[in-house]
Amino acid sequence: MQRIEGAVQNYAWGSHESLAKLQGRPLPTAQPEAELWFGAHPGAPGVLLDLIESDPEGQLGKGHTRLPFLLKLLAAERALSIQVHPTKAQAEAGFAAENAAGVDRGAFERNYKDDNHKPELLVALGTFEAMAGFRPAARTAELLDWLALPELDFLRGDLHGAVECALKLPERELSGIIDALTGRCQQLAADADDWKGEVADLVLRLEEQYPNDRGVFFALLLNRVVLEEGEALYLDAGQLHAYVRGTGVEIMANSDNVLRCGLTSKHIDVDELLSVVRWEELDDPRLRADTDGVYHTPAKEFSLRRLEGEAGVPGPAIVLAVGGVARCGELHIDSGSAAWVPAGEEARVSGRAFIARPGE
């Protein structure tokens, strides 16, 4: 067993307090801290990457050469970009096509950084707000009727057409429609105490964070989801989503493939995005753990368990302490730190922790 520390990622949407508070560090931090990475990703090299590269089968088990997941602590003070991830087949085809076309892997217009998909699971640490999956059409129609803005009629009808119109709306028309939308939301939000009022408030917050950005239209199409402690979101290929604010534990397959469509200054490839999105409603995207604290997903790359108590943990596994000191074998792990249990070993873990392992 080996203690491992997370690698801080300083993205603009991060928090100056959340991760430092979790780890008991001084507040506020000089830069926004968005994520702490625990794993063996080349983007955040550390002890675990060195261990695995020096003895992959000894650390991961026979026939394995790479840790298939990345574990994170995530803290969003502002909304992340609205995004979607490709399927494995789409990633392989897109990656090969861009390589064949000679597109540099670091180029601004590059869509596919690798040939892998990126299923991801986020578990809330306290209240966590997100947009995830398309809201059922009847409720979106109800919302648009309530707003009563002819300027938004392009969002009615089929989902593909609504999203394509939102993404291809001429710049000369954009500011006028957004001004009309935010003005109407200001009128209605103060007196509304239902889900429609909450969406109106979300529109206003997004527009304040990302002025004149077409991403605000997606608050009218996607489910606004509020997770409480221990509740989760599982986001598979093709599902549009954006984390809005809050702190959580996130686990995902090792990939950097993201196609964006709003709330961002990064590249937006409209046609490629439209080919990747799944055009289906998602009634309730929330996921809850079973009685053993396990979050069941279709992902083969990872498994995540929320532990409050004591359990035996076989390797390979990352044990992440959250909200107090946990014990992993002979190691004491402070909140916001982790331990690595290699293949062939089993650790007795006690306390409040998340246990990340390759999928079964």
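The values are calculated or read from the model by the stated rules, or taken from the named source; none is laboratory data. Please read these numbers as outputs of a predicted model, since none were measured by experiment. We place every Cβ from the backbone using ideal geometry, glycine too, and count neighbours over all the protein chains shown. The protein model used for the area step is the full one, side chains on, heavy atoms only, and it has no ligands, DNA or RNA in it. Shrake-Rupley method; radii C 1.70, N 1.55, O 1.52, S 1.80 Å.
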(message) Condition first: part of a loop (DSSP other than H, G, I, E, B) and touching a residue at least 12 places away in the same chain (Cβ under 8 Å). Now tell me which residues in the range 211-243 satisfy that.
(response) Asn212, Asp213, Leu221, Glu228, Glu229, Gly230, Glu231, Asp236, Ala237, Gly238, Gln239, Leu240
(message) I want to confirm something. Restricting to the range 210-235 and keeping residues that are of a type in the set (Gly, Ala, Ser) and under 20 Å from Leu155 (Cα atoms), which single residue is surrounded by the fewest Cβ atoms within 10 Å (Cβ to Cβ)?
(response) Gly215
(request) Read through the list (1) crowded, with 16+ Cβ neighbours inside 10 Å; (2) on the phi > 0 side of the Ramachandran plot; (3) more than 26 Å from the chain's Cα centre (by Cα), then give the number of the only condition that Ala148 fails. (result) (1)
(request) Please work out if Leu143 is touching a Lys or Arg at 6+ places or on another chain (Cβ under 9 Å), closer than 18 Å to Asn212 by Cβ and open to solvent by less than 40 Å² (accessible area, probe 1.4 Å). (result) no
(request) Restricting attention to the range 311-326, report how many residues are open to solvent by 30 Å² or more (accessible area, probe 1.4 Å) and either modelled with pLDDT of 95 or more or within 17 Å of Leu48 (Cα to Cα) (or both). (result) 1
(message) Looking only at the range 2-22, how many residues end up being outside any strand (DSSP E or B), in contact (Cβ under 8 Å) with a residue 40 or more places away in the chain and surrounded by 18 or more Cβ atoms within 10 Å (Cβ to Cβ)?
(response) 5
(request) Please determine, by comparing only the residues of the range 258-275 that are under 22 Å from Val244 (Cβ atoms) and in contact with a His (Cβ under 8 Å, 6 or more places away or on another chain), which one is most open to solvent (accessible area, probe 1.4 Å). (result) Arg260
(request) Please state which one of Gly63, Gly106, Gly94 is at positive phi and out of contact with any Gly (no Cβ under 9 Å at 6 or more places or on another chain). (result) Gly63
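Of all residues in the range 23-51 being in a loop (DSSP other than H, G, I, E, B) and touching a helix residue (DSSP H, G or I) at 6+ places or on another chain (Cβ under 6 Å), which is most open to solvent (accessible area, probe 1.4 Å)? Before the answer, list the steps.
Start the filter on the range 23-51 by keeping residues that are in a loop (DSSP other than H, G, I, E, B), which leaves 24-32, 34, 39-46.
Keeping just the survivors that are touching a helix residue (DSSP H, G or I) at 6+ places or on another chain (Cβ under 6 Å) gives 27, 29, 40.
Values: Leu27: 86, Thr29: 19, Ala40: 17 Å².
Selected residue: Leu27.
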(request) Kindly indicate whether Gly359 is touching a Ser or Thr at 6+ places or on another chain (Cβ under 8 Å), part of a loop (DSSP other than H, G, I, E, B) and free of Cβ contacts under 8 Å to residues at least 60 places away in the same chain. (result) no
(request) Within the range 234-292, track down each residue that is over 20 Å from Leu320 (Cα atoms), hydroxyl-bearing (Ser, Thr, Tyr) and in contact with a Leu (Cβ under 8 Å, 6 or more places away or on another chain). (result) Tyr243
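Could you please find all residues in the range 249-276 being assigned to a loop (DSSP other than H, G, I, E, B), of a type in the set (Gly, Ala, Ser) and more than 23 Å from Arg305 (Cα to Cα)? Give the steps one after another, and end with the answer.
Residues of the range 249-276 assigned to a loop (DSSP other than H, G, I, E, B): 254-258, 263-269.
So of that shortlist, the ones also of a type in the set (Gly, Ala, Ser) come out as 255, 265.
The answer is Ser265, and nothing else.
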(request) Filter the range 103-125 down to the residues that are open to solvent by 20 Å² or more (accessible area, probe 1.4 Å) and touching a strand residue (DSSP E or B) at 6+ places or on another chain (Cβ under 8 Å), then identify the one that is modelled with the highest pLDDT. (result) Leu125
(message) Which count do you get for residues in the range 52-76 that are of a type in the set (D, E, K, R) and either under 30 Å from Ala130 (Cβ atoms) or assigned to a loop (DSSP other than H, G, I, E, B) (or both)?
(response) 4
(request) List the number of the failed condition for Gly246; all other conditions in (1) touching a Phe, Trp or Tyr at 6+ places or on another chain (Cβ under 6 Å); (2) of a type outside the set (Lys, Arg); (3) open to solvent by less than 10 Å² (accessible area, probe 1.4 Å); (4) not in a helix (DSSP H, G or I) hold. (result) (3)
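So which residues in the range 104-161 are within 28 Å of Ala356 (Cα to Cα), touching a residue at least 60 places away in the same chain (Cβ under 8 Å) and part of a loop (DSSP other than H, G, I, E, B), if there are any at all?
Taking the range 104-161 as the starting set, the residues that turn out to be within 28 Å of Ala356 (Cα to Cα) are 112-133.
Now drop any that are not touching a residue at least 60 places away in the same chain (Cβ under 8 Å), which leaves 112-114, 116-133.
Within the range 104-161, Tyr112, Lys113, Asp114, Asn116, His117, Lys118, Pro119, Leu125, Gly126, Thr127 qualify.
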(request) Could you list all residues from the range 320-356 that are in contact (Cβ under 8 Å) with a residue 40 or more places away in the chain, assigned to a loop (DSSP other than H, G, I, E, B) and at negative phi? (result) Val322, Glu330, Asp334, Ser335, Ser337, Pro342, Ala343, Glu345
